[in-house]
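Asks: Could you have a look at this structure, given as structure tokens, before my questions?
Values quoted throughout were computed directly from the atomic coordinates according to the rules given, and no laboratory measurement underlies them. Note that the structure is predicted; figures quoted are calculated from it, not measured. No Cβ is skipped: glycine too gets one built from the backbone with ideal geometry, and neighbour counts run over all protein chains shown.
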């Protein structure tokens, strides 16, 4: 689940600031919290079902978006400032 539906992440957050955007969804038996957060200028998902932070590019790849270029376009759009800042997060997936 991406916590910011119908918008690209760049419309909701700034990659140069510490961020913590949250989304809470609930079913009849469970509350799910998902956060988009930064650590060392990288974007991560924090989900209450996982102990560790999930690099956001890994989350997109898990959803079937395997092209780095497509992930970059979805998150940053055509703005080169955001693309350069997000490049650090993409590089992490190559490790």
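Asks: Between residue 80 and residue 58, what FRET efficiency comes out of the Förster formula 1/(1 + (r/R0)^6) with R0 = 30 Å and r the beta carbon distance, rounded to 0.05?
Replies: It comes to 0.80.
Asks: Testing the spin-label approximation: label points 7 Å from Cα along Cα→Cβ at residue 30 and residue 50. State their distance in nm.
Replies: It works out to 1.5 nm between the two label points.
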